[in-house]
Amino acid sequence: MTSFHVRHDFSPIFARNALLLLRMADAPSEEAFLEQARARDLDIGRRQSVTKVFASLRDLGLIETTPAGQRGQVRLTNLGKQLADVAVHDKLMFAEMIHLRYWWLWQPAKEKEYFAWSYQTVATILWEESPVTIDSDRLVNMVLAAAEQHFGISGISFSTSSVSGILHWLRVLSPPCIVGKIFRRRPTCPPEALVIALGGIAAAREHPAGIPLRLDAATREQACRVTLLAEEAIDEVVQQAEETLGVIRRSGDGGETVLIRELLMPELIPRMKYR
């Protein structure tokens, strides 16, 4: 059965613990990793097994197992190293990057990472219905119905535990989109997140590098969906990106455009076509 499940074992604190520890050195095995985590009194070291945490890290392309010559050794991928570097300095930005990775990992043309489709679907439902009280059972039923409609698959592996796995990451975004049981669109977001979202939109459209992207109504809405941002807040965040990240915004007869002069973490988005 195709899995649409988002593992609830993969929490922000366990993910950050794992990447920081693997940043220090490759792990000869999962058992050796746990020993190292316990020796440093990390939260992840209190688990009996890290198999599910490592499975999610592999699914997201953040760790890999070395060839048979070094059997069982676990190490960070290039993207994993980049996110581990972020985790060292800014755990809030780290959570933002994981959210964006989940969002952009789903590729309709390949139809592989169905768990990422589930993540994107739940986040989209909440954004569209905002403000809304989170009802996990209702979200499960909506995802089941959407999967049957889009893929012709009934009885997918998606449950309230899957919803919990998604909410882990939505709850730690800052500024928050979830307070208590209520989801609301965010009043702002880190400019880095918006720039990555715009880069993903450009990549999905196979928009040429170095060419300004039209900041039309469709682009604005999609960028807000990805970042869970209130639509009326996007102009302020674009301005922050102009001031801190070198984004160039122009207005003309054809409307507004934005030019991203320097891509942020291009490996985060699988469809990235830029050179």
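A quick yes/no check of all residues on (1) modelled with pLDDT of 95 or more; (2) over 30 Å from V143 (Cα atoms):
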residue	(1), (2)
S11	yes, no
R23	yes, yes
E30	no, yes
D43	yes, yes
L62	yes, no
P67	no, yes
L83	yes, no
Y102	yes, no
Of all residues in the stretch 135-167 being assigned to a loop (DSSP other than H, G, I, E, B) and not aromatic (F, W, Y), which is surrounded by the fewest Cβ atoms within 10 Å (Cβ to Cβ)? G152
Do we find a residue being among the hydroxyl-bearing types (S, T, Y), surrounded by fewer than 16 Cβ atoms within 10 Å (Cβ to Cβ) and in a strand (DSSP E or B) anywhere in the stretch 114-134? yes
Options L229, L198, L264: the member that is under 17 Å from the mean Cα position of the chain (by Cα) and under 13 Å from W104 (Cα atoms): L198
Kindly provide the set of residues from the stretch 46-55 that are over 21 Å from the mean Cα position of the chain (by Cα) and in contact (Cβ under 8 Å) with a residue 12 or more places away in the chain, ordered by number. R47, S49
Checking G72 against (1) surrounded by 15 or more Cβ atoms within 10 Å (Cβ to Cβ); (2) farther than 19 Å from A204 by Cβ; (3) small (G, A, S), which single condition isn't satisfied? (1)
If E96 meets every condition in (1) in the same structural domain as S157 (by TED's automatic domain parsing); (2) part of a helix (DSSP H, G or I); (3) without any contact (Cβ under 8 Å) to a residue 60 or more places away in the chain apart from one, which number is that one? (3)
So is V238 modelled with pLDDT of 95 or more, farther than 18 Å from W103 by Cβ, assigned by TED's automatic domain parsing to the domain that holds Q120 and of a type in the set (A, V, I, L, M) or not? no
In the stretch 170-197, what residues are surrounded by fewer than 23 Cβ atoms within 10 Å (Cβ to Cβ) and either part of a helix (DSSP H, G or I) or touching a His at 6+ places or on another chain (Cβ under 7 Å) (or both)? L170, R171, L173, P191, E192
Tell me, please, whether a residue that is free of Cβ contacts under 8 Å to residues at least 24 places away in the same chain and part of a loop (DSSP other than H, G, I, E, B) can be found in the stretch 233-243. no
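The values are calculated or read from the model by the stated rules, or taken from the named source; none is laboratory data. This one's a predicted model, so the numbers in the text were calculated from it and none came from an experiment. All Cβ positions, glycine included, derive from the backbone under ideal geometry; neighbour counts span all protein chains shown.
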